[in-house]
Amino acid sequence: TEAELLARFEAIIAADGKIEPRDWVPERYRASLVRQIAQHAHSEIVGMQPETNWLTRAPSLRRKAILLAKVQDEAGHGLYLYGVAETLGADREELLDALHQGRQKYLSFINYPTLTWADVGALAWLTDGAAVVNQVPLCRSSYGPYARAMVRVCKEESFHHRQGFDLLWTLTHGSPEQQRMAQDAVNRWWDPALAMFGPPHQRSTHSAKSMEWRIKRFTNDELRQRFVDICVPQAEALGVTLPDSALAWNTDRGHYDFSPPDWDELARVVAGDGPCNRQRVAHRRKAHEDGAWVREAAMAHARKHSDRAAA
Ligand code: FAQ
């Protein structure tokens, strides 16, 4: 009966076990996971855009090879994550339609422009750094396929984060103009990185339930604080200033105090009104349409092979 199935589901969660694709789950658990995983997958593939902007203008072959590898990793992460959503019964084409029609979102920071080469470094140091802090606990998410996908994703995101640090380090140890460029990029990416963790806990619609179901392990605010505490010494090592005059060590709390990002701005950007929202979605739609022949050819190839195997 449904009551028995629910009891079994709740027992797995209570024992901190893993839910697997064939297990019965409450519809709200399934829908909330599909929502988060689809948004995560969309973030990976739309997140390639601010970086591909600089692929042809990377200052050396080494930097270009690193950036190419990073962008390819993100395409791979998108693929795993759409695959994970499929294990929950979601249809990949439907998820992409929802993205293209604006019914499903991707993370807000992707709607900001990468104005200079230093942005490639600041974007990676700060937003990949934030992604690692947010996603390491997802390696212990209650949904098995999501948790397992996150292990490899986090290893690759850590590499992305480090190469961003390395890129910025080169600039902060370069000419005064390069130093200014690095500082300017950090100034512009700090708030979007803080906003990545989502709204404050009181305003987070999904956190309570997601934590009860052990999809999430920490509140948005706890992870944001962890990120700030990690960034401050790294900024000192880099020789950049984080753009927040309220940033100060609080001995009582054992954490840095900091100013929150502008929540109204986050709401506006999520609603579609950020500096690059229209451009990002239009580019994604065009890439999807232009790639139709590749998908058709791949399907025809797969059919030919399965027909041969059957014959
Ligand atoms: N932007 O109730 P909560 C990368 C939405 S990218 C946009 O707190 P939840 C690749 C939220 O969806 C990193 N929307 O929601 C890369 C919800 O709206 P909904 C990808 C936001 O789910 C790096 C509503 O607000 N990682 O690595 C944002 O409990 C560098 C209420 O929020 C992930 O996606 C936002 N910042 O917590 C590429 C991590 N914040 O769905 C290039 C997986 C909140 O009701 C360069 N996701 N919203 O319409 C998560 O961990 C969670 O979904 C959170 C939000 C933490 C994002």
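Around Ser207, with a cut-off of 11 angstrom between Cβ atoms, what is the net charge of the other residues, counting Lys and Arg +1 and Asp and Glu -1? With Lys, Arg at +1 and Asp, Glu at -1, the net is +1. Couplings for the stretch 211-221, taken from phi via the Karplus curve 6.51 cos²θ - 1.76 cosθ + 1.60 with θ = phi - 60°, read 6, 4, 7, 6, 6, 9, 10, 9, 6, 4, 5 Hz in order; Gly and Pro are left as x. Under the convention that each Lys and Arg Cβ holds +1 and each Asp and Glu Cβ holds -1, the size of the dipole of the stretch 52-178 around its Cα centre is about 320 debye.
Applying the criteria of a DSSP loop state and at most 14 other Cβ atoms within 10 Å to the trypsin sites (Lys or Arg not before Pro) of the stretch 55-91 yields Arg57. Sequentially through the stretch 46-63, phi angles give Karplus couplings (6.51, -1.76, 1.60; θ = phi - 60°) of 6, x, 5, 5, x, 8, 4, 3, 10, 4, 7, 10, 4, x, 8, 4, 4, 5 Hz, Gly and Pro residues having no value and appearing as x. If Lys and Arg each add +1 and Asp and Glu each add -1, what is the summed charge of the other residues whose beta carbon sits under 11 Å from the beta carbon of Asp119? Local net charge: -1. Net charge within 11 Å of Arg92 by Cβ-Cβ distance, Lys/Arg positive one each and Asp/Glu negative one each, not counting Arg92 itself? Local net charge: -4.
Apply the a/c threshold of 1.5 to the C-alpha gyration tensor of the stretch 165-256 and tell me whether it is rounded, prolate or oblate. Taking the square roots of the gyration eigenvalues as a ≥ b ≥ c, the stretch 165-256 is prolate. Under the shape rule built on the C-alpha gyration tensor, where the axes satisfy a ≥ b ≥ c, the chain is oblate, since a/c reaches at least 1.5 while a/b does not exceed b/c. Rounded to the nearest 20, the Cβ-based charge dipole of the stretch 142-199 about its Cα centre (Lys and Arg +1, Asp and Glu -1) stands at 260 debye. The chymotrypsin sites (Phe, Trp or Tyr not before Pro) of the stretch 11-116 that DSSP puts in a loop, and whose beta carbon has at most 15 other beta carbons within 10 Å, are Trp24.
At a threshold of 8 angstrom on Cα-Cα distance, excluding pairs fewer than six apart, so keeping six or more, what relative contact order does the stretch 1-71 reach in percent? Relative contact order comes out at 20 percent. The distance between label points at Asp97 and Asp23 comes to 3.1 nm (points 7 Å beyond Cα on the Cα→Cβ vector).
For the residue pairs Lys155/Lys286; Lys105/Lys216; Lys105/Lys304; Lys216/Lys286; Lys18/Lys70, the alpha carbons lie more than 24 Å apart in Lys155/Lys286; Lys105/Lys304; Lys216/Lys286; Lys18/Lys70. Spin-label model, Glu177 to Asn53: label points 7 Å out along the Cα-to-beta-carbon direction sit 2.1 nm apart. Report the FRET efficiency, 1/(1 + (r/R0)^6), for Ala300 and Asn250, where r is their Cβ-Cβ distance and R0 is 45 Å, rounded to 0.05. Step by step, r from the Cβ atoms, then E = 0.15. Counting only protein heavy atoms, what percent of the accessible surface of the chain is carbon or sulfur at a 1.4 Å probe? Its accessible area is 56 percent carbon and sulfur atoms.
On a full-extension model of 0.36 nm per residue, what is the gain between Ser259 and Val232, subtracting their alpha-carbon distance, rounded to one decimal in nm?
Net length gain for the segment: 8.4 nm.
In the assembled protein chains, Glu74 presents an accessible area of approximately 10 Å² (probe radius 1.4 Å). From the P(r) of the stretch 1-54, can you give the percent of Cα pairs sitting at distances over 13 Å? That fraction is 69 percent.
Please work out the average accessible area per residue across the chain, using the 1.4 Å probe convention, and give it in Å².
Heavy-atom accessible area per residue stands at 50 Å².
Considering only Asp184, Asp97, Asp290, the Gaussian network model of the chain with Cα springs below 10 Å gives its largest mean-square fluctuation to Asp290. In the chain, Cα pairs under 8 Å separated by at least six residues give a relative contact order of 18 percent.
Computed with a 1.4 Å probe over protein heavy atoms only, the accessible area of Ser60 comes to about 50 Å².
The values are calculated or read from the model by the stated rules, or taken from the named source; none is laboratory data. Please read these numbers as outputs of a predicted model, since none were measured by experiment. All Cβ positions, even for glycine, are placed from backbone atoms using ideal geometry, and neighbour counts span all protein chains on display. Surface accessibility is based on the protein's heavy atoms, side chains included, excluding ligands, DNA and RNA. Shrake-Rupley method; radii C 1.70, N 1.55, O 1.52, S 1.80 Å.
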